[in-house]
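**Student:** Pasting a structure below so you can have a look.
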Amino acid sequence: METAGSSQIYDTIRKRFVTLTPEEWVRQNFLNFLVTEKQYPASLIGVEMLVRVNQMSQRADIVVYNRDGKPWLIVECKSPAINLNEEVFYQAARYNSVLKVPYIAVTNGMEHYCLFFNGKSFDYMDNLPDFDQ
């Protein structure tokens, strides 16, 4: 769909059309992966969730909640043109200082990394965790 010169894509989680930017392309593809491939329940996924870090309002790209309604996984999405460096991981870690999730993932659509927080430090994982919450 195209509106006022910008392409739009339907977000099945937010249930509305959003502007299709490179980052949004990554987010929509990752959401599709979470729901169709990993079988994460769409009803337990939030998109652009408000997170207050140091009295500043920020938005986490994707937050997956467990069946108790507690944040379980944060996903930070970047444009394919952005390298996944320490700054991207720190951004997700800042959100985790508030949300306290065990899993953090970052993706630019080309590369994906998932980390498990063991209570003291982050451990890299080979894959996203299965959803058995």
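**Student:** Report the residue count in the stretch 42-55 for those that are in contact with an Asp or Glu (Cβ under 8 Å, 6 or more places away or on another chain) and either touching a residue at least 40 places away in the same chain (Cβ under 8 Å) or open to solvent by less than 30 Å² (accessible area, probe 1.4 Å) (or both).
**Tutor:** Summing the residues that are in contact with an Asp or Glu (Cβ under 8 Å, 6 or more places away or on another chain) and either touching a residue at least 40 places away in the same chain (Cβ under 8 Å) or open to solvent by less than 30 Å² (accessible area, probe 1.4 Å) (or both) in the stretch 42-55 gives 1.
**Student:** Restricting to strands (runs of 3 or more DSSP E) lying wholly in the stretch 40-133: which have 3 or more residues that are of a type in the set (A, V, I, L, M, F, W, C) and within 15 Å of the chain's Cα centre (by Cα)?
**Tutor:** Filter on the stretch 40-133 gives 45-53, 56-65, 71-77, 103-107, 112-117.
**Student:** OK, next. Looking for whichever is of a type in the set (S, T, N, Q) and open to solvent by 70 Å² or more (accessible area, probe 1.4 Å) here; the options are Q58, Q39, Q8. Which one fits?
**Tutor:** Exactly one of Q58, Q39, Q8 is of a type in the set (S, T, N, Q) and open to solvent by 70 Å² or more (accessible area, probe 1.4 Å), namely Q39.
**Student:** Report, ordered by the first and then the second residue, all pairs with beta carbons closer than 7 Å, sequence separation of six or more or different chains, a first member in the stretch 98-115 that is touching a residue at least 12 places away in the same chain (Cβ under 8 Å) and within 15 Å of I45 (Cβ to Cβ), and a second member that is open to solvent by less than 40 Å² (accessible area, probe 1.4 Å) and of a type in the set (F, W, Y).
**Tutor:** V101/W72; Y103/W72; T107/F30
**Student:** Residue under question is E23, and the condition is that it be on the phi > 0 side of the Ramachandran plot, touching a Lys or Arg at 6+ places or on another chain (Cβ under 8 Å) and either without any contact (Cβ under 8 Å) to a residue 24 or more places away in the chain or of a type in the set (D, E) (or both); does it hold?
**Tutor:** Answer is no for this residue.
**Student:** Something else about it: Those residues that are under 22 Å from T21 (Cβ atoms) and either touching a Lys or Arg at 6+ places or on another chain (Cβ under 7 Å) or not aliphatic (A, V, I, L, M) (or both), I need them from the stretch 63-83; list them, please.
**Tutor:** Result: E76, C77, K78, S79, P80, N83.
**Student:** Out of (1) in contact with a Phe, Trp or Tyr (Cβ under 9 Å, 6 or more places away or on another chain); (2) at pLDDT 95 or above; (3) crowded, with 19+ Cβ neighbours inside 10 Å; (4) farther than 21 Å from K15 by Cα, the odd one out for S79 is which?
**Tutor:** For S79, the failing item is (3).
**Student:** I would also like to ask the following. Exactly one of these conditions fails for V35: (1) at pLDDT 95 or above; (2) assigned to a strand (DSSP E or B); (3) of a type in the set (V, I, T). Give me its number.
**Tutor:** The number of the failed condition is (2).
**Student:** Of all residues being closer than 14 Å to V63 by Cα and hydroxyl-bearing (S, T, Y) in the stretch 98-121, which is most open to solvent (accessible area, probe 1.4 Å)? Just the residue, please.
**Tutor:** Top of the filtered list is Y103.
The values are calculated or read from the model by the stated rules, or taken from the named source; none is laboratory data. Every value quoted in this text rests on a predicted model; they were computed, and no experiment measured them. Counting neighbours? That spans all protein chains shown, and the Cβs are built from the backbone with ideal geometry, glycine included. In case anyone asks, the SASA skips ligands and DNA or RNA and just uses the protein heavy atoms, side chains included. Shrake-Rupley method; radii C 1.70, N 1.55, O 1.52, S 1.80 Å.
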